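Read through the structure below, which is laid out as structure tokens, and then see the notes.
The values are calculated or read from the model by the stated rules, or taken from the named source; none is laboratory data. Since we're looking at a predicted model, the values are computed, not measured. Every residue, glycine among them, receives a Cβ derived from its backbone with ideal geometry; neighbour counts consider all protein chains shown. The accessibility values were calculated without ligands, DNA or RNA, using every heavy atom of the protein model including side chains. Shrake-Rupley method; radii C 1.70, N 1.55, O 1.52, S 1.80 Å.
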Amino acid sequence: MKTNWLAALFLAFGFSHVAQAKEFVVSYDGFYDRLKVIEKGEFEFARVNFYVVDIATLAPCTIASGKIITEKTEAPLAYTEQAKLLLPFDKQLDKDKAVVVLEPKNSQHNCQLKFQIEAEHFDSSHLTPSHLFQLHTEFDELLADLSGFFVSKLMHFLLPEQKGVVIEFSKPVTFSHEQIQCEDTVCKFSIDSTWQESTMKLLSSNDRANIVTVKPWIEK
């Protein structure tokens, strides 16, 4: 049931577009609605980001070019090598019914747009239980806000269970905490209310690993 809910949420966000063509076009308003949730919320770390990925492998679909166009204007679209779209939060683009036009480098790829809830500006100095509890709470609130009133309030039982956060490091690290499980460079932090007040540093100063990504740990 929860897996079906995630699929429904994905479709509701308008990111079911799949393309195997020279270029494909997506309405800007779906992005704007998600970015507006971030702007209205009080999130220090949690963000929702947008990527172009291969439909089968979820590997990045390298972008050859991109632009945002309206009936009267055209502007280049910023993106990264990992096919992350760096979209502006622009009310006028929403009003002008802007569209995002993307051209993958490999026109034979089946590419799709996906959204990803993840953390920004969260580095190894934030690896304390209290900061992780804050991030866990932000992820939970953001997921509820993105799901909308109908699901978060009236059908909350459909929401997937968020157990904590998943952090990928630049190299393998070790933790002695019983609620942290690591495999190679990826660690899962099972977070509860006991983490809220603790400022103990979890990562030894001898471990000089950088944080690569931080995402919510969703139990599907």
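Need the full-extension length gain, GLU42 to GLN181, defined as separation in residues times 0.36 nm minus the C-alpha distance. One decimal, nm.
Numbers: separation 139, 0.36 × 139 = 50.04 nm, distance 2.92 nm.
The GLU42-GLN181 span can extend by a further 47.1 nm.
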Ordering PHE133, PHE50, PHE89 by the accessible surface of their heavy atoms, 1.4 Å probe, largest first, yields PHE89, PHE133, PHE50
Largest-first ranking of HIS126, HIS177 by accessible area, probe 1.4 Å, whole protein assembly kept, is HIS177, HIS126
In nm, the gap between the two label points placed 7 Å beyond Cα toward Cβ at GLU168 and ALA64 is 2.7
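Listed here are the pairs LYS40/LYS95; LYS84/LYS188; LYS95/LYS215; LYS91/LYS163; LYS40/LYS67; which of them are more than 28 Å apart at the Cα?
Working: LYS40/LYS95 18 Å; LYS84/LYS188 24 Å; LYS95/LYS215 32 Å; LYS91/LYS163 35 Å; LYS40/LYS67 26 Å.
Check vs 28 Å cut-off fails for LYS95/LYS215; LYS91/LYS163.
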With a ≥ b ≥ c from the Cα gyration tensor eigenvalues, square-rooted, and the rule rounded for a/c under 1.5, otherwise prolate when a/b > b/c and oblate otherwise, segment 169-220 is oblate
Judged on accessible area alone, 1.4 Å probe, highest first, THR70, THR62, THR57 line up as THR57, THR62, THR70
Reported to the nearest 10 Å², SER170 has, with a 1.4 Å probe, an accessible area equal to 70
Given a Förster distance of 35 Å, the FRET efficiency implied by the Cβ-Cβ spacing of ASP54 and ASP207, rounded to the nearest 0.05, works out to 0.60
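Using a 1.4 Å probe on the protein chains only, how many percent of the accessible area of segment 33-181 belongs to carbon and sulfur? Don't skip to the answer; put the middle values down first.
Details: 3880 of 7980 Å².
Roughly 49 percent of what the probe reaches on segment 33-181 is carbon or sulfur.
Determine, from the Cβ-Cβ distance of ASN106 and ALA78 and an R0 of 25 Å, the FRET efficiency 1/(1 + (r/R0)^6), rounded to the nearest 0.05.
Values: r = 21 Å, r/R0 = 0.82.
Once the sixth-power term is evaluated, E becomes 0.75.
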